[in-house]
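Structure first, then comments.
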Amino acid sequence: MRPTALAALVRPEVRGRRLRAMLVLLVVVALASVAIVAGLSTQQQAGSRWDAAFAESNGAHVTITSDDPAALRAVAADPRVAARSAAYDVSFGVEVTRGTRLVGETGVLAMADRARPDIARPLLREGRWVRPGAADEAVVDRAFALDEGIGLGDRLTLRQAGRTLTVTVVGQAVNLRDTFYPDGDATVWLDPAGYAALAPRGAARTVFLRLHDPDAAEAFVADVSGVVGTSDWLDTRTDVLRAGSIFGTFLRVLGVFVMVAAAVVVAGSVATRVLARRRDIGLLKAVGVTPAQVTGAVVLAHAVVAAAGVLVGWLLGGLLAGELQLQVAEVLGSAGPVFDPGALLTTLLVVEVLVVAATVIPARRAGHTPTTVALAPVPPTRGHRSRLAAAGERLGLGPVPVAGLRDAFAQPARATMTALALGVAVVGVVVTAGFSRTIDGVIGDPAVTGEPEEVRVFPDESASRSAVPRALDAEPGVASWFTETGSEATLGKEQFLANAVGGDVADAGFVVREGRMIEHRGETVTGYGFLQRFGVDVGDRITVRIEEQPLTLTIVGWYSEAEEAGEMLMYPFADVAAVDPRARPDSYRVALAPGADRVAVAASLAETLGPRARVEAVPRDSADVVDPFLLAVDLISGLVIVVALANLASTLALVVRQRARDLAVLRAVGFTPRQAVGVVATGGVVLALLAVAVGLPLGWWLSGAANDAVGAEIGMGPGIARSPSWAVVLLVVPLAVLVTAGLAVLAARRAATAEVAELVRYE
């Protein structure tokens, strides 16, 4: 067929009343494409932004830390090291307060202005570096400053081992050596004069290394982790980008979900418009247009509009992608709009496949409708009553409900598509409610993220071993406590974090999803991410190296853990003590009795222990970080609902148009206008109830499956999903019925009040 002839057939599909339907399709496709494009671009652009900053700072492939200068020199002399920095004094566990409020805990690094390294050079983003010899100035980690609201000119007090130093913040710098605060450690940079004035305990030195083979950083770390403390750029990069990766995945899935919902609506809409254009199609076929040409014209018109929608969505998604990189964009700065041709092609392919699949069947049915049938007047409803109407009559429902039940499925295909579109909207509401409850559950129950404690106590090295246990046992608000000692460990050539735990571990509150908590030496429980990373399972025996000592452990369970993406394990502190009887716990983790105030208990313990320990009340997590997720879900769910309702309104309007003669007959035999409206409303309500009956259980199942999949993606494992609120679910039923009935009344109003003679002339 010649292009000009095909264009002539396509043009009527985007004119007149049909133009409004096409514009709705364009808007839906554009918004869905925004989600898909933004999802595809978010992770890529966040990664590119981090890589650019890493290159700008000439980032360290490996950072090594130790209080043994010989060990640092030995590791830095490894032939795999291409370049190294000077050694810088560093101390960890330094408290930062502003006024009387404890802000957090950081590491402190001594780094003079003219001694900033060429490797892992801090990227100064605001203000300036500390002046030479200034002991009262500091540059703070930008992620730490943004999270805690620290600005230039703020006065902070650094405290460690009973000594304090008050400094003025003169700059903010980006630290790429560790995951951004609060997921990783923050850094405060001081001039050596300030560092000496603070005189922190446990001072060590750190060196930044560049390797000949950057991709071999993990193997290098595994080889030297027992000699010095380490962190590598690959692990840091993965951790920094993880949140963006999860968010991007959500956006892509939600975008595809919208497109599937739109495809259902488009299919019903096309079927509806084809019925409305029955006479036009019959005339085209009468003058020689073939069924294939009719089918191709309908499909092509929708495909062209969808392609335009994808282009609009790609432009909008490219503009938004830079702002959707969450913490990466906040700390490093947005990369600005990025228009990725790959994202355009991927989105175009997904959308066109769905749109063509949605339009080809009703278009083909239209093309193959016999010309005589297409040109005939609108046929009345089939003469026999439906089974549903017969059942209603036996129940004595009356003529209006019976007529409505009969009309609900007068056109089975159209009724099914309408109910399916409404069902998708119901699914969207249920999934949104389930996701919100799951997020609230994770934020509201820190045990799900692997932090069941409410107070933490960090003992001073000079304190006696029994000082903290005695204080905890004597404190009325303490219900139980356990100890935690963290260390780097390796399995094979890969490094991970291991925590030795002691005390009342059984009552600590960890959420064990499979198996049980450790009870004896030689046992371990791991995070779900650990099982996935190393390909092991509950019941397996593994041999790990901790502090250069091999340790064989049996995995007796896995627990819900968010730190390190769940790629960590716990084992008994008794295994540590068996190797080193002098070993002491790093911290005590405290669970409180019901009703006890964490701040008050922490203050009481701090007063009891004095300088022998640092005590902190564990702050409650904020839901701010997940607000973009919730907003995206709400917007997509709202879009699905709007599209479904628009389809329902147009379908009911066409039903009324096609049923005009039947309504005239009903009016002629005594039905009032109100009863005629009731017939149409009853048919719509029946479809709404069918949609709810299908959409509620399907949405319930999808909600659990999607949330558990997210839990597995972030390393916490399946099991975090929470069911939607029953209040929301129960509200869906009356809302669906009322909205459908309202749309039916609006659609039927004109036909119900028109003259009977006018209704008979409808086609």
Quickly run through the range 470-500 and pick out the residues that are of a type outside the set (A, V, I, L, M, F, W, C) and not in a strand (DSSP E or B). R470, D473, E475, P476, G477, G492, K493
For residues in the range 93-134 being without any contact (Cβ under 8 Å) to a residue 60 or more places away in the chain, basic (K, R) and assigned to a loop (DSSP other than H, G, I, E, B), which is nearest to A199 (Cα to Cα)? R116
Filter result for the condition that a residue is under 25 Å from A613 (Cα atoms) and of a type outside the set (V, I, T), over P585, P550: P585
Restricting attention to the range 510-529, which residues are among the hydrophobic types (A, V, I, L, M, F, W, C) and either in contact with a Leu (Cβ under 6 Å, 6 or more places away or on another chain) or part of a loop (DSSP other than H, G, I, E, B) (or both)? F510, V511, M517, I518
Can you work out which of the residues in the range 578-593 that are surrounded by fewer than 19 Cβ atoms within 10 Å (Cβ to Cβ) and in contact (Cβ under 8 Å) with a residue 60 or more places away in the chain is farthest from P619 (Cα to Cα)? A583
Filter result for the condition that a residue is modelled with pLDDT of 65 or more and outside any loop (DSSP other than H, G, I, E, B), over E323, E330: E330
Residue set D460, D507; condition touching a residue at least 40 places away in the same chain (Cβ under 8 Å) and over 21 Å from E561 (Cα atoms); output residue D460
Which of the residues spanning the range 415-428 are surrounded by fewer than 24 Cβ atoms within 10 Å (Cβ to Cβ) and among the β-branched types (V, I, T)? T416
Answer with yes or no whether F247 is modelled with pLDDT of 80 or more and either of a type outside the set (G, A, S) or in the same structural domain as E105 (by TED's automatic domain parsing) (or both). no
Which one is nearest to A135 (Cα to Cα), of the residues in the range 175-205 that are in contact with a helix residue (DSSP H, G or I) (Cβ under 8 Å, 6 or more places away or on another chain) and of a type in the set (S, T, Y)? T187
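Here's the yes/no breakdown for (1) in the same structural domain as P718 (by TED's automatic domain parsing); (2) at positive phi; (3) among the charged types (D, E, K, R):
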position	(1), (2), (3)
E461	no, no, yes
A467	no, no, no
P476	no, no, no
F482	no, no, no
E494	no, no, yes
G509	no, yes, no
R516	no, no, yes
In the range 199-233, the residues that are of a type in the set (A, V, I, L, M), modelled with pLDDT of 85 or more and outside any strand (DSSP E or B): A216, A217
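The values are calculated or read from the model by the stated rules, or taken from the named source; none is laboratory data. Please read all numbers here as calculations on a predicted model, not as lab measurements. Here the Cβ is made from the backbone with ideal geometry for all residues, glycine too, and neighbour counts use every protein chain on show.
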